[in-house]
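These notes are about the structure you will find just below.
The values are calculated or read from the model by the stated rules, or taken from the named source; none is laboratory data. Fair warning: this is a prediction, and the values are worked out from it, not measured in the lab. Cβ: placed from backbone, ideal geometry, glycine included. Neighbour counts: every protein chain shown. Note: accessible area is taken over every heavy atom of the protein model, side chains too, but ligands, DNA and RNA are not part of it. Shrake-Rupley method; radii C 1.70, N 1.55, O 1.52, S 1.80 Å.
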There are 2 protein chains.
Amino acid sequence: MKKAEATRLTILQKAFELIYVKGYQTTSIDDIIATTQVTKGAFYYHFKTKDEMGLAIISEILKPTLTNSFIQPLQNEQNPLDAIYNLMHSLLIENEFLKVEYGCPASNFTQEMTPWNADFNNALNQLTQQWTKAMTTTIEKGKKNGFIRKDVNAKQVTMFIMSGYWGIRNFGKLENSKKVYLTYLKELKNYLSSLK
Amino acid sequence: MKKAEATRLTILQKAFELIYVKGYQTTSIDDIIATTQVTKGAFYYHFKTKDEMGLAIISEILKPTLTNSFIQPLQNEQNPLDAIYNLMHSLLIENEFLKVEYGCPASNFTQEMTPWNADFNNALNQLTQQWTKAMTTTIEKGKKNGFIRKDVNAKQVTMFIMSGYWGIRNFGKLENSKKVYLTYLKELKNYLSSLK
DNA sequence: TCATAAAGATACCACTTAGTATTTTTGCAA
DNA sequence: TTGCAAAAATACTAAGTGGTATCTTTATGA
């Protein structure tokens, strides 16, 4: 049962790419099987419905990426303000998996599927909560270690920062230029300094 | 030529509502004519294509709303920091045209149509630039009047704030609760204070 | 008031959609 | 090597999709 697993993974990966670029609703199963060179029979052998595949993309593609690229970097640095800034910099500027013209996959998904599809909503909420938790923990630790003022509300700051990230991803789509990212990062640095 | 204008406006308004709730691509013309009680012949008399209608929604529904609800409030107050905070508060908490579970119409549109449709991209970009300009001007004025530090970069701050707004709209969709708005507003207040 | 164009109604088209039923091929355990 | 289930291929369906062609009704300016 090796080749079958490979087929399944190919579908998920190629489908993710298409969806990231075109959106979920406008990516048809025919599109997916055309680019994967997998037949409809094979597709429906691996996934009962299109939505089942969509949810699998979230849990098997997006979730690991979140852990590796969004959460771990927060835990490997001592100064949480640097950690957050560097994370954002790496996500926006260096990461070559994420493209400025296509925005943030999770944010795109949320925009498109919420509040209509409860399953997607739930899966995406879990993702977001994981990131929120990681960032909040980082900030709390920073308060203890004296990197951040004691009166800073960690949850509040986390939400503020994450909103900024999602928003600037949208801005990037609109302007199709990383320039906006640089502008955002400069002000993010100022904001983070104000938490010292 | 009164009744015809009314028909056209009904189509735009009802279509906007459907699109705001369901998204552009998933709102079919059949949906629109069903809820407006307008026949297909009438629809296509007023709009050559679905996209022409979509663009008309941006210029005839979204644009006036932007001017009235997003830009004017910035110009009617002397303290720009208060103006910005109050604007956000009114948009997020008081405005009953915008619903937490459906996010921000302009942001939804951007997410869905960009970068695929150049016309939509362009129209939405103009909207955004208008808001950006208004906010930047407000901040610059505040610098002159001593409400804001001279070393603050107006464009940068504008982008940071607008990103936050878009992002928290996405958060609201995800959690379907205005609680996140309140959290965001608290930190926005802190951030704005840091510009004094 | 009535001719004429604007506005709206109806039926249809070619194409795409997610999904299914049925058959065929493949890989592997015995 | 073969039996058999797992995996994949093929052909199809019913319900939509945006859009068009053609007809009928309505309003209004002379």
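For the reader, a short list of remarks on this structure follows.
- Odd one out for A:N117 among (1) more than 10 Å from every other protein chain (Cβ to nearest Cβ); (2) modelled with pLDDT of 95 or more; (3) closer than 25 Å to A:S59 by Cα: (2)
- The sole residue among B:E94, B:E101 that is within 24 Å of A:Q111 (Cβ to Cβ), surrounded by fewer than 19 Cβ atoms within 10 Å (Cβ to Cβ) and either touching a Gly at 6+ places or on another chain (Cβ under 8 Å) or not assigned by TED's automatic domain parsing to the domain that holds B:L188 (or both) is B:E101.
- Among the residues of the range A:159-189, just one is surrounded by 18 or more Cβ atoms within 10 Å (Cβ to Cβ) and farther than 28 Å from A:V21 by Cα, namely A:E187.
- Exactly one residue out of B:K14, B:K3 is out of contact with any Pro (no Cβ under 6 Å at 6 or more places or on another chain), away from DNA strand D (no atom under 14 Å from the Cβ) and not assigned by TED's automatic domain parsing to the domain that holds B:K173, and it is B:K14.
- From the list A:L74, A:L55, A:L66, A:L62, the one residue that fits, being in the same structural domain as A:S107 (by TED's automatic domain parsing), within 16 Å of DNA strand C (Cβ to nearest atom) and under 15 Å from the mean Cα position of the chain (by Cα), is A:L55.
- Test: residue in the range B:99-116 that is of a type outside the set (F, W, Y) and within 15 Å of DNA strand D (Cβ to nearest atom): yes
- Residues within the range A:160-191 that are over 15 Å from the mean Cα position of the chain (by Cα) and either under 16 Å from B:K173 (Cα atoms) or not in a helix (DSSP H, G or I) (or both), tallied: 4
- Residues of the range A:68-91 classified as in contact (Cβ under 8 Å) with a residue 12 or more places away in the chain and open to solvent by 50 Å² or more (accessible area, probe 1.4 Å), total: 4
- Members of the range A:105-125 that are without any contact (Cβ under 8 Å) to a residue 60 or more places away in the chain and of a type outside the set (A, V, I, L, M): A:T110, A:Q111, A:T114, A:P115, A:W116, A:N121, A:N122, A:N125
- Filter result (crowded, with 19+ Cβ neighbours inside 10 Å, more than 9 Å from DNA strand C (Cβ to nearest atom) and within 22 Å of B:S28 (Cβ to Cβ)) within the range A:19-44: A:I19, A:G23
- Criterion violated by B:A134 - all others in (1) facing another protein chain (nearest Cβ under 10 Å); (2) part of a helix (DSSP H, G or I) satisfied: (1)
- When the range A:9-23 is filtered for residues that are within 14 Å of another protein chain (Cβ to nearest Cβ) and not basic (K, R), the ones remaining, listed by number, are A:L18, A:I19, A:Y20, A:V21, A:G23.
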